[in-house]
1. When you scan region 74-106, how many residues do you find that are over 23 Å from the mean Cα position of the chain (by Cα) and assigned to a helix (DSSP H, G or I)?
2. Quick one: is LEU78 in contact with a Cys (Cβ under 6 Å, 6 or more places away or on another chain) and under 17 Å from HIS32 (Cβ atoms)?
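The values are calculated or read from the model by the stated rules, or taken from the named source; none is laboratory data. Remember, it's a predicted structure, so these values are computed and weren't measured experimentally. A quick note on method: Cβ atoms are made from the backbone with ideal geometry, for glycine too, and the neighbour counts reach across all protein chains shown. These area figures cover heavy atoms from the full protein model, side chains too; ligands, DNA and RNA do not enter into them. Shrake-Rupley method; radii C 1.70, N 1.55, O 1.52, S 1.80 Å.
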Amino acid sequence: MAQADVEQGSPLCGCSLSSKWAFYKVLCYLLHIILVLAHVVLLLLYKYRAKKTANGITGSGDIASVGVVIGLLAFSVLYGILLVWLTQQLAFRSNLMKEQTLTEIHDKTTAWTGIGAAIHLLLSQHKVARGVYLVILYFGGILAFHVTSSSLMSITLFVPDTGGPIQYQLTVSI
């Protein structure tokens, strides 16, 4: 691909392709840094055994319980989707810009289609590009993030004996 083709620009957004990719790169780094900092904070909370609770009163405990769980899960899934999509786009572009064998390009591109494809590549070939190991490691981290993010918050409901409104306690824990 010639440098003039890369710099020509996109007719859809009116920006040069290099500035688009630079924006994607900065956004990808920023999202990963935020994710790492969030995990550092969670590890510090775990180290000091900090539990944050919020008490409240609600007319229906089911709404509060489901709302918190769905909200946290939706945020983590959307965050993970954005992170993986950006990283895949940057990896595909980087993969095509490097001088390497066709087999290496194929292996890395196939590995980015999913963790199953990456593991299959690893098990079915004797010699695999180093990038495949990194893709498996990355997808493993995203998988762990997806599995653990839904268990960070819990809601405990208290039904008073007097028949008043249901009270809840929201606990953020590790």
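1. Kept after step one, since they are over 23 Å from the mean Cα position of the chain (by Cα), are these residues of region 74-106: 96-106.
From what's left, assigned to a helix (DSSP H, G or I): 96-97, 102-106.
Count: 7.
2. Values: in contact with a Cys (Cβ under 6 Å, 6 or more places away or on another chain): no; under 17 Å from HIS32 (Cβ atoms): yes.
No: the conditions fail for LEU78.
Table: residues versus (1) open to solvent by less than 40 Å² (accessible area, probe 1.4 Å); (2) charged (D, E, K, R); (3) at pLDDT 80 or above.
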| site | (1), (2), (3) |
| --- | --- |
| ILE63 | no, no, no |
| GLY67 | no, no, no |
| ARG93 | no, yes, yes |
| LYS98 | no, yes, yes |
| TRP112 | yes, no, yes |
| ALA118 | yes, no, yes |
| ARG130 | no, yes, no |
| PHE158 | no, no, no |
| ASP161 | no, yes, no |
